[in-house]
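The values are calculated or read from the model by the stated rules, or taken from the named source; none is laboratory data. Note that this is a predicted model, so its numbers are computed, not measured. We place every Cβ from the backbone using ideal geometry, glycine too, and count neighbours over all the protein chains shown. With ligands, DNA and RNA removed, areas are computed over all heavy atoms of the protein, side chains included. Shrake-Rupley method; radii C 1.70, N 1.55, O 1.52, S 1.80 Å.
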Amino acid sequence: VYHCAPPNSTIRVLSNIRKNRDFKLITEIGDMWPETMPASEGIKKILFIPLSIWRLLRDKYLFNSDVIIAECNLFKKQLEKNTGLSQIRTLYFCKKENFVNKSNIFNQENRISLCYLGSINNIIDCDMIGMFVRELAIDREVLVHIIGDGEKRDELIDLIKANGGQPVFYGKVFSEESKKEIFSKCDYCLNIMKTTVNVGMTMKSLDYFSFGIPIINNIGGDIEKMVKTEAIGFNINSNNIKSVVDAIKKCDSEDYEIMKKNVESVHEKYFSIEKFKMEMQKIL
């Protein structure tokens, strides 16, 4: 049985079934709840008991899985710490590459084009995006292409406008060719979430990598390390926005081409379909 969780409750159900049945059980942890809840530490302290029960539905019953697959190394380390189990493996999501043509997208002289892809919800750090746009817009035109929708859509659009940027809203786009056409206009993609969110890898970054676009990133874990060690974009926080913007403005066509090639290499090395199949075969 290959079992995807959350919900955490199904881990307990399958663990109990396996006590009386003879079958192999692989459990994939695609997200960490309640850790991923974007709540303040104060709220989490108040809700400590119910959140602990929720977490234990996962951690207490994973021992009956022959293999546990974690979405990223951050989750793997957290699960190992919580459970003391050794049968945990990291397996990244995969997607077929669909790289855009570099020559069509880099225009650093008087305009910079960004892209945000995905749900526009309460875990997105709209304020961080606004501050970043404001610094970029001091001496150039800034376009922000938005693919997706959500309850924070108007807030994000208003913040981009208020900080000197020009939002270009597409709504929900599912066609890969349509997304590629939009990405072909973009220099960098935004992988920006609230720092309270417990995540080491995002689905939007998988899309960004599959199109070969460098990222502006503020999440920790696996992606933060890749950005730093593989030179596939810039890690940003509230204290280094100006220095990141200065580095972007100093980046010429040759620098950008190297960065884009690094993104394509990272996709092939970690997130390609071939890599996924190879790693899954080892697990099986």
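Worth pointing out:
- Extreme residue, positive dipole direction of segment 1-127, given options 74, 116, 100 (C-beta unit charges): 74
- Full-extension gain in nm, residue 17 to residue 52, via 0.36 nm per residue minus C-alpha separation: 10.3 nm
- For segment 138-284, the per residue solvent-accessible surface stands at 47 Å², with DNA, RNA and ligands left out and a 1.4 Å probe.
- Table column - 3J(HN,Hα) (Hz), segment 143-152, Karplus curve with 6.51, -1.76, 1.60, x for Gly and Pro: 9, 10, 7, 10, 10, x, 6, x, 5, 9
- Cα point-scatterer Debye curve for segment 90-179, base-10 log of I(q)/I(0) at q = 0.25 Å⁻¹: -1.25
- Across all directions, the shadow cast by the convex hull of segment 139-202 built on its C-alpha atoms averages 5.6 square nanometres.
- Separation of the alpha carbons by more than 25 angstrom is noted for no pair of 204/261; 44/81; 95/228; 228/249; 228/261.
- For segment 1-133, the extents of the C-alpha atoms along the principal axes are 66, 40, 22 Å, listed from largest to smallest.
- Sulfur and carbon atoms: percent of accessible area, segment 100-200 [1.4 Å]: 44
- Working note: Cα gyration tensor of the chain, eigenvalues times five, square-rooted, sorted largest first, giving semi-axes of 36, 22, 16 Å.
- Area accessible to solvent at residue 1, 1.4 Å probe radius, in Å²: 90
- The percentage of C-alpha pairs in segment 120-244 whose separation is greater than 20 Å is 42%.
- Computed FRET value (nearest 0.05) for residue 63 with residue 97, which takes r as the C-beta separation and R₀ as 41 Å: 0.60
- Along the axis of the charge dipole computed for segment 1-128 (Cβ charges of +1 for Lys and Arg, -1 for Asp and Glu, origin at the Cα centre), the listed residues 88, 46, 1 are led at the positive end by 1.
- Tail fraction, Cα-Cα pairs, segment 182-284, threshold 19 Å, whole percent: 44
- Of the trypsin sites (Lys or Arg not before Pro) in segment 219-284, those whose Cβ has at most 10 other Cβ within 10 Å and which sit in DSSP loop: none
- Between residue 252 and residue 43, the FRET efficiency from the beta-carbon distance, with R0 = 51 Å, is close to 0.65.
- For segment 33-102 versus segment 146-219, the spacing of their alpha-carbon centroids is 24 Å.
- Remark: spin-label model distance residue 277-residue 73 equals 2.6 nm, labels positioned 7 Å along the Cα→Cβ axis.
- Computed helical MRE - 222 nm, the chain, DSSP H runs ≥ 4 contributing -39500 (n - 2.57), nearest 500: -12500 deg cm²/dmol
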